[in-house]
1. Does K55 fit the bill of being in contact (Cβ under 8 Å) with a residue 12 or more places away in the chain, surrounded by fewer than 20 Cβ atoms within 10 Å (Cβ to Cβ) and more than 15 Å from the chain's Cα centre (by Cα)?
2. I'd like to know if the stretch 190-207 contains one or more residues that are of a type in the set (S, T, Y), at pLDDT below 90, surrounded by 11 or more Cβ atoms within 10 Å (Cβ to Cβ) and in contact with a strand residue (DSSP E or B) (Cβ under 9 Å, 6 or more places away or on another chain).
3. Output the residues belonging to the stretch 82-121 that are of a type in the set (V, I, T) and either without any contact (Cβ under 8 Å) to a residue 40 or more places away in the chain or under 21 Å from T194 (Cα atoms) (or both).
4. Inside the stretch 235-252, can you point out the residues that are of a type in the set (A, V, I, L, M, F, W, C) and either closer than 17 Å to A166 by Cα or within 16 Å of the chain's Cα centre (by Cα) (or both)?
5. Go through (1) modelled with pLDDT of 90 or more; (2) under 23 Å from V136 (Cα atoms) one by one and return the number of the condition R121 breaks.
6. Out of the residues in the stretch 63-78 meeting the condition of being modelled with pLDDT of 95 or more and among the β-branched types (V, I, T), tell me which one is surrounded by the most Cβ atoms within 10 Å (Cβ to Cβ).
7. Taking the options A105, A147, A143, name whichever one is at negative phi and surrounded by 20 or more Cβ atoms within 10 Å (Cβ to Cβ).
8. Are any residues in the stretch 134-152 in contact with a strand residue (DSSP E or B) (Cβ under 8 Å, 6 or more places away or on another chain) and either over 17 Å from A250 (Cβ atoms) or polar (S, T, N, Q) (or both), and if so, which ones?
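The values are calculated or read from the model by the stated rules, or taken from the named source; none is laboratory data. Just so you know, these numbers come straight off a predicted model, no measurement behind them. When we count neighbours, we look across all protein chains shown, and the Cβ atoms used for this are built from the backbone with ideal geometry, even at glycine.
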Amino acid sequence: MAILQYDSATMTEPTENSVEAVSRPRSRSIYLLPNLLTTGALFSGFYGIVAAIDKHFAAAGIAVFVAALFDTLDGRAARATRTESAFGKEYDSLSDMVSFGLAPAIISYQWGVVRIAEYGRAWGRIGWLAAFFYCVAAALRLARFNARAATSDKRYFEGLPSPSAAAIVAAFIWFSSEWREPGLPGLVAAFGITAVAGALMVSSFGYPSFKQFNLDRRIRWAYMLLVPLFFVLVAIDPPTMLLSIFGVYAASAPLLWVGRRIRRLFRGPAHLG
């Protein structure tokens, strides 16, 4: 039942066409678009798992980045079409768990655990635990994000976002997929990076969310140049550049925290004197 509203300036009753425009429901295709993009992210994560099982590790790493692209687009599509819903948020969270929690853990496991077990059973168990720890950390990170979404500062993420953590693991495996015999140091590095990425997800470090970036506002030319520069650098050597970019982002918050601690230590004696 449509509610009739009167214009305060003219005090005229709305026409039949205007009432129909108000009461006409939105097309279902608009509501389906964000969920279809989320399904694309879920499919990419699933494909990454299957590719890792089939020993196609470069394709598995690429699949995680495709999932991250879909994950970025689904939220923006929902906000642009004003079709955000509780169902979409829950579906997106479940998709993130598969694409950025389970998929990177299995990719890391498939790439390294079988090889590292050749150096001893203890090494195999360490690799297994590192992959599982990452998976648990991703689940905890997503649960904390959902629980604090209403009260958290939108400008920052508490802990490393799961897509960024997945990007680090996937980029390293993609980068390392060309190593026929990575050796014990390369295998330890892979599981070390996986474990550290998991630890940063459940940490309390603040990471910029870049959500305050508004395309409707005027953007400086310097910022506009960063976009093509990013694609040019990635095109030169995708796994190396992606690993470097997301690695710097992951390390930025801990390094800033250490820098603030050091400044406080130097300021303390000065204030006492």
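1. In short, yes.
2. no
3. Matches in the stretch 82-121: V98, I106, I107, V113, V114, I116.
4. M241, L242, L243, I245, F246, V248, A250, A251
5. Checking R121 against (1) modelled with pLDDT of 90 or more; (2) under 23 Å from V136 (Cα atoms), the one that fails is (1).
6. Step by step, filter the stretch 63-78, then rank; the result is V64.
7. Only one candidate passes the filter, namely A105.
8. Hits for the stretch 134-152 are R144, R148, S152.
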